Amino acid sequence: MSPSSEHAASNAKLPSLYSLKSIRFRIVFLMMFAMFCSCSIRSHLGVTIVCMINATALERQSSSMSLNRSTEDDCPLSKGHQSLADFGYNGDLLWTSSDQGFIFSAMSFGSLITLLPSGMLADRFGPKLIIFWSVLVMAVMSYIAPLLANLHVLAFTASRFIVGACNGCIMPSLTALGARWFAKDERSTMNAMYTSGVQLAGIAIGLATPLLCTSNILSGWPFVYYVYASVAVAFATLWMPFVSNHVENNRHISDVERQYVTENTVVRKNQEKKTFPWMKAFLSPPFWAILVVRTAFVTQDKIMTAYTATYIRDVLRTDLQTNGIYTSLPYIAQLISKNVVSAVADYLKRKKFMSHTVSVRVFQLISNAGTALCFIILALYADCNHTVLGVAFLTLRNLFLAFVSPGMHTSGLSIAPAYSGSVLSITMFIASVVATVALYVVGVALESSTKLEWSIIYISLAVANVLTGIFFAIFASTDVQEWAKPCDTRKGAAGSAGGAIGGLDISGLRGDLEKTVTGVLSGIPIVGGIAAGPIGGILGLVISLLQTVLKLLIPLLKGLPVVGGVVGGH
């Protein structure tokens, strides 16, 4: 930059992240568009499949597919509705529940193939082209999906495997792009904004898909695939001219915004590309904190995305149109709350009310505790006689998911900016392996899709959320880890390593945890006041248990600085 340009940049005003003049806003908008396309093509099958299947024929083959099966005395069908077909579930494909489980698993297996290499390739060569080609191939697969579905279930399954493989490239590549373009104080907001594409896709799937399925245009359900594919093609035409891998080679950005991004990010255009430090990362407690929470949340996300429409159909007992509305409500709640919560988190950090590390711990622990509570309520109380309660806590669960953006996601962007794509790829790969196995187990467990079967699944997810939330509250961080710093910044760091293990400053852990517990517990009584009766009793019990566990952790950490002193130093 010339001296005159530097002078002009110093006098010019930096555009806000929310300003239409900001290139950062345009980048994050297109990132959100990419997420929308990826998630809509991947996830709409969870709703579309219930109108692709010939429910009447399957009813005759298996009594487990009947709405009247084991609970007809508790939940009799409304007058005039005697079968699934009467509720709108009347497609033309004869795919069994095993076929459907195989299709969903194929997408997960596809993502496993690309998760690891995509993040590393994005870190080394840039994420722009990876995202472009991934979305474009997904669009092609969506265009030919109806033809393949009518040809054979295996042909359709193969196309979903390819969709899963392309989808596995999207999130790691977007994470790598975000680390190159957004400052630390903007990352919670940025993460919430671009991942809002997931919720927008969920809303579109819930509201539009049932209408498209039941329309007479192009035989109904095939029209769904054509619509989402066309949207993806529209995205591809906008992505290439407006997005760049680095701020340095963006033609549209102002000097002041270029200077701001360059000074507040770690990744540079000409920075030396290094191999990911596998051993050091897996010895890093903050890395493990991200891994365990991501595993829990990816697993529950895949289960809920694939089976929520089935749960609403079989346990809450609704028709197809109502099913779509109920499916979209949780996404609406999450879309609103995640952007508000993330903006609040960034504000608290800018005003120094919370450190970056305490912030991610507090917000993530709220997310884990809140989602666990919702799963417990769904397991114990929600059924066809309490449909509103079930929908309310499905929605509330997604509201608590909003706290993941300023929590685990922000930590993942912060601990290793130069390796952000790799960190996400590795943790997502391991999480997806667990989630794929879990999908198979859920498919087996839901032999009849009864309330009891769903209760077992929900309680299991609640336990996982509580345990991983506590682990994250102890070990999470936002500090750039030693193994992730450029070589020149590591010089002289070895002598100051006393009291640290794997990049985690154990000597300060107890103080950070005290702040985390204080932050979480100060907000919990407000939540506790929203419920009454038996639900309030359970809520109070869960909160009391969480408070007790967290308070017990602080005294246990008194000896940690001694351990750190033994391990660290020379």
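Among His252, His409, the ranking by other beta carbons within 10 Å of each residue's beta carbon, starting with the fewest, stands as His252, His409.
Packing, as the average of other Cβ atoms within 10 Å across residues, places the peptides 364-374, 427-437, 38-48 in the order 364-374, 38-48, 427-437, highest first. Were the residues from His252 through Asp99 laid out at 0.36 nm apart, the gain over their Cα-Cα distance would be 50.2 nm.
Residues whose amide H lies under 5 Å from that of Leu93, counting only those 5 or more places away or on a different chain, are Ile53, Asn54; hydrogens are built 1.01 Å from N in the peptide plane. Scaled against 2.2 N^0.38 Å for its residue count N, the alpha carbon radius of gyration of region 269-418 is 1.25. Each residue in Leu467, Leu401, Leu212 was given a count of other beta-carbon atoms within 10 angstrom of its own, and listing them fewest first yields Leu467, Leu212, Leu401. Separation of the alpha carbons by more than 25 angstrom is noted, of Lys349/Lys485; Lys280/Lys302; Lys128/Lys352, for Lys280/Lys302; Lys128/Lys352.
For region 203-208, putting each phi into the Karplus relation 6.51 cos²θ - 1.76 cosθ + 1.60 with θ = phi - 60° gives couplings of 5, 4, 4, x, 8, 8 Hz, in residue order, rounded to whole numbers and with x for Gly and Pro.
Over region 385-447, the ratio between the Cα radius of gyration and 2.2 N^0.38 Å evaluates to 1.55. Extension gain for the segment Val441 to Tyr381, taken as residue separation times 0.36 nm less the Cα-Cα distance, is 19.3 nm to one decimal. Here the spin labels are modelled as points 7 Å beyond Cα on the Cα-Cβ line, and at Phe109 and Ala155 they lie 2.0 nm apart.
Rank-order 458-466, 254-262 by packing density, defined as the average count of other C-beta atoms within 10 Å over each peptide's residues, highest first.
Working: 458-466: 21.2, 254-262: 18.3.
Descending mean neighbour count gives 458-466, 254-262.
Peptides 134-142, 186-194 ranked from most to least packed give 186-194, 134-142, packing being the mean of other C-beta atoms within 10 angstrom over each peptide's residues.
Paramagnetic label reach from Asp92 (point 7 Å along Cα→Cβ; backbone nitrogen cut-off under 16 Å): within region 118-151, residues 145-151.
Just the C-alpha atoms of region 409-483: what Rg/Rh do they give, with Rh taken as the Kirkwood radius?
Ratio of gyration radius to Kirkwood radius for region 409-483: 1.12.
A short reminder: the numbers here are calculations on the coordinates, not readings from a lab. Since the structure is predicted, the reported quantities are computational estimates derived from the model, not experimental observations. Please note: Cβ atoms are built from the backbone with ideal geometry, for glycine as well, and neighbour counts cover all protein chains shown.
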